[in-house]
Ligand SMILES: Cc1cc2nc3c(=O)[nH]c(=O)nc-3n(C[C@H](O)[C@H](O)[C@H](O)COP(=O)(O)OP(=O)(O)OC[C@H]3O[C@@H](n4cnc5c(N)ncnc54)[C@H](O)[C@@H]3O)c2cc1C
Ligand SMILES: Cc1cc2nc3c(=O)[nH]c(=O)nc-3n(C[C@H](O)[C@H](O)[C@H](O)COP(=O)(O)OP(=O)(O)OC[C@H]3O[C@@H](n4cnc5c(N)ncnc54)[C@H](O)[C@@H]3O)c2cc1C
């Protein structure tokens, strides 16, 4: 086969590039080793008619009007604010840790005092990374920092990464803030919504272009040299592409356990986190996300973090440590030596992207390469 | 790309051959111009969580233990007896036209008499094609034959085919019998069941073999000459393959209209036929087929027969007329001139196959070609 662009990976990165390039008149072949499109955002109906996310719950949120408008061409949206609670000292309290969480955990007097101090120090609406809060002098704020660190942050981080918080780069730990407001939404982005008929339907529409062909159940290694292409976009793992030349880039993996709940609802909110108990980090009830409130039963997803073992499970999260970043840069050097080969996406860039960031990155790359 | 077998079409014929050949160690590429596997048996969840058949209701039934055992490797089953009713003179009566239908339409006296005569003449359990019944001497049986012909058969056939019954070959008309029994099941086959998680899930498991790759949204014409293969199995339209050399083979097409029914059930049985009223031939309520009785709403499928126009709609039913059969034989002669190219399936053989027949045909073809 001969195409203008061979794109490896049918997730948000690959699909966005395929759609843009096809619309620009290029002939595109998208290859994925899985038997479906959508990458990790793939959703499907389970045997009980619940729309589930096979690779863990995906909630769409973005501040980018550009990304939101772009995706709106391929889906209608269902408004949805994700809410998360954490079980702390036996109580279910709102996350991110906010002024509402203070009230749920502490005496009114202590909560009042902490609230005043937080607002005075950081301003209403601030997001204070927990490691930053720990540096405060004020004994009340130090107490709070230690409390959150011990009860919400430390256990979760250990479970999620198998590493202590200090062993991770601050880019991750900054993602766990104390929120100085009463907002109990998990995200504060300007656009928060779920694709009305799900992600897979969105991907189908993105890829439904006569210039796009889809080759599934096929690994890049199997088609390399067999398909002729002018350019290559690779959204798989960059270290795999180069035959692990500089050693493997570490990833964290997850095991998902889906469980049928016989009643209409199991949880009051989409996700409940367990920073301290259980081997799983969190439980998500998909119906909150999908709005299928007509179903008399429900499906829950338990997430068990585990080590990544190539071939046995999937590489989900690049492990954000300085040494890994350095190794990645060696691969980046290799990439620069190649002509007409582009790396992108969570695995290609070895970087944690939310879905909107993956799309933004792909749109930007498209602008760079389309006129080459 | 280089493969041992290129298989055009991912329906029951193509999937069965792909599975068998892959298991025999061949490298297989399955190509389909649609964006999904499963051919006309493809099912999917609609926006309301109802499992629907995009290309019309498909009920599995077979007398072949071999076919049933083979498919059982890829699915569990949900026992299901399809029941059909026809609206005749304003009443919903059981189909096929049986002894139960007599009772639903006629006075007990007339029904008794007809029942006795049918059993005496044909034996209990017989299936008498309606055109055969019309040849009877007995005035009661002639009355019955005319009644069924006028009220059940004629209008339906006209709508379905746009042709009078006499214009069709007897192979079709024989499929509309009078059933001399009280059995109100639509089929009398030994095996009647629906794949527990649907047809698409079954196809996924059939095709989930490392030797199989899937190329979707790609027409044979686009890959011809671009993919190297030792042998070709073509399950698309044979006339299209030969560039309509001997003129197009006629097909009948259908338009499906899906409609949400707000209540839990709309019909008492899976399908209701309308031989005389409405532009549609029948209405199917999928929940009867899929067993999703937990849903508070339901989805109905209305079938509107229409002329086949290549590019605008799909070729569903080969039109069973002698002249078409003759034209098909001209194509068969062309096919015989080719080496390593095999035609099969409803479109490749230009023959009405039920799903089980398509599988049986594919299993047989596999035996013929695997040792070549
Ligand atoms: C558990 C979890 C929860 C998440 N939750 C959210 C959320 O709530 N909100 C949010 O915005 N983001 C979330 N994300 C992030 C989101 O999944 C990513 O932003 C998105 O998947 C990135 O898309 P991508 O195309 O770069 O990568 P992917 O979706 O991983 O797609 C890459 C594709 O490439 C294929 N591939 C790889 N190597 C090869 C090869 N050699 N040959 C052929 N194919 C190959 C893979 O099979 C895969 O389909 C979550 C991620 C995870 C893991
Ligand atoms: C409305 C309807 C109802 C039916 N109900 C029943 C039922 O209740 N029970 C039953 O047993 N059977 C039923 N059938 C029959 C059943 O659909 C067939 O037996 C079955 O689909 C045959 O499988 P196949 O693989 O031969 O053909 P198909 O399922 O038609 O598959 C052929 C595939 O080839 C692809 N293709 C064709 N040409 C090309 C090309 N040039 N390039 C690439 N791809 C191509 C098509 O896109 C298609 O996916 C029904 C059929 C219809 C139309």
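Bear in mind that the values in this text are calculations on the coordinates, not laboratory data. This is a predicted model, so every value here is computed, not measured. Neighbour counts are summed over all protein chains in view; Cβ atoms, including those assigned to glycine, are modelled from backbone coordinates with ideal geometry.
Shown is the FRET efficiency for residue B:268 and residue A:265, computed with R0 = 25 Å from the Cβ-Cβ distance and rounded to the nearest 0.05: 0.20.
Taking the Kirkwood radius as the inverse of the mean 1/r across Cα pairs, report the Rg/Rh of the range B:301-372.
My calculation of the ratio gives 1.02.
Rounded to whole Å, the principal axis extents of the Cα atoms in the range B:193-326 read 53, 43, 24, largest first.
The distance linking the range B:21-78 with the range A:1-80 is 25 Å (Cα centroid to Cα centroid, whole angstrom).
For the range A:199-270, what log10 I(q)/I(0) values come out of the Debye formula at q = 0.19 1/Å, with one point per alpha carbon and no solvent? Debye output, listed in q order: -1.06.
Length, then width, then depth: along the principal axes, the Cα atoms of the range B:119-268 run 66, 47, 34 Å.
For chain A, give me the percentage of DSSP beta bridges that are antiparallel, rounded to the nearest 5 percent.
60
The shape of the protein assembly as shown can be summarised by an equivalent ellipsoid whose semi-axes, obtained from the alpha carbon gyration tensor, come to 56, 34, 20 Å from longest to shortest. Above 17 Å, the calculated P(r) of the range A:57-167 contains 64 percent of its Cα-Cα pairs.
Pair-distance distribution of chain B: all C-alpha pairs, bin width 10 Å, starting at 0; shares per bin in whole percent are 5, 22, 30, 26, 13, 4, 1, 0.
For residue B:329, inter-copy separations between label points set 7 Å beyond Cα along the Cβ vector come to 7.8 nm, shortest first. Rounded to the nearest 10 degrees, what's the angle between the helix A:355-370 long axis and the longest principal axis of chain A, both from Cα atoms, 0 to 90? The answer is roughly 30 degrees. Taking the alpha carbon gyration tensor of the range B:1-64, multiplying each eigenvalue by 5 and rooting it gives semi-axes of 26, 16, 9 Å, largest first. Annotation: extensible slack from residue A:169 through residue A:154 equals 3.9 nm (criterion: 0.36 nm per residue apart, minus Cα-Cα distance). The separation of the range A:174-248 from the range A:313-352, counted between C-alpha centres, amounts to 14 Å. Computed as a quarter of the hull surface, the mean projected area of the alpha carbon convex hull for the range B:95-137 stands at 3.1 nm². With the convex hull of its Cα atoms as the shape, the range B:114-169 has an orientation-averaged projected area of 4.1 nm². Helix A:108-122 and the longest principal axis of the C-alpha atoms of chain A enclose an angle of approximately 50°.
When the convex hull of its Cα atoms is viewed from all sides, the range B:2-115 shows a mean projected area of 11.5 nm².
Here the spin labels are modelled as points 7 Å beyond Cα on the Cα-Cβ line, and at residue A:244 and residue A:371 they lie 4.2 nm apart. Using the Cα gyration tensor of the range B:154-202, with a ≥ b ≥ c the square roots of its eigenvalues, what is the shape: rounded (a/c below 1.5), prolate (a/b larger than b/c) or oblate (neither)? Cα axes put the range B:154-202 in the oblate bin. Could you tell me which of rounded, prolate or oblate describes the range A:252-307, using a ≥ b ≥ c as the square roots of the eigenvalues of the alpha-carbon gyration tensor, with rounded for a/c under 1.5 and, failing that, prolate when a/b is larger than b/c and oblate otherwise? Verdict is prolate for the range A:252-307. Distance between the modelled labels on residue B:69 and residue B:277, one decimal in nanometres: 4.9 nm (7 Å Cα→Cβ projection). Helix A:322-337 axis versus longest C-alpha principal axis of chain A: approximately 20°, rounded to the nearest ten. Each other copy places its own label point for residue A:65 at 7.0 nm from this one, sorted shortest first, where the point lies 7 Å along the Cα-to-beta carbon line. Each copy carries residue A:257; placing its label point 7 Å along the C-beta direction from Cα gives inter-copy distances of 4.9 nm, listed from smallest up. In this simple spin-label approximation, residue A:112 and residue A:137 carry label points 7 Å from Cα along the Cα→Cβ vector, and these lie 2.6 nm apart. Placing a label point 7 Å from the Cα of residue A:104 along the Cα-to-Cβ line, the residues of the range A:179-200 whose backbone N sits under 11 Å from it are A:184-186.
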